């Protein structure tokens, strides 16, 4: 879950030059974040460590599937194959439509 974090170097989405997932039960809570050149750590409050991620470049995401309930993990991870399989469960036409969607609609996949 991408959450609100509070620290001077963060914006309201928990961004430290990248977006990082946090366990869902922290949704809506303000966390402290500390970053160095390779790692970002989230605390509630400091020194109670919540999550550690490798730092990612600006605009990139670091997502841990374990931070999401199973029914939401495929969406958070942008698992296009899972979503197409799920669409097929709603009928042949829906499945064909999902398969035909442009891969450009989901950058980084295809």
Would you confirm whether any residue within region 48-67 is free of Cβ contacts under 8 Å to residues at least 40 places away in the same chain, surrounded by fewer than 16 Cβ atoms within 10 Å (Cβ to Cβ) and closer than 25 Å to residue 101 by Cα? yes
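Each row is one residue, and each column tells you yes or no for (1) farther than 20 Å from residue 65 by Cβ; (2) at pLDDT 85 or above; (3) assigned to a strand (DSSP E or B).
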site	(1), (2), (3)
29	yes, yes, no
33	yes, yes, yes
41	no, yes, yes
46	yes, no, no
All positions within region 27-73 that are more than 30 Å from residue 85 (Cα to Cα) and either in the same structural domain as residue 85 (by TED's automatic domain parsing) or in contact with a helix residue (DSSP H, G or I) (Cβ under 9 Å, 6 or more places away or on another chain) (or both): 42, 44, 50, 51
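The values are calculated or read from the model by the stated rules, or taken from the named source; none is laboratory data. Being a predicted model, the structure only gives us computed values, none of them experimental. Note that each Cβ is placed from the backbone with ideal geometry, even for glycine, and that neighbours are counted across all protein chains shown.
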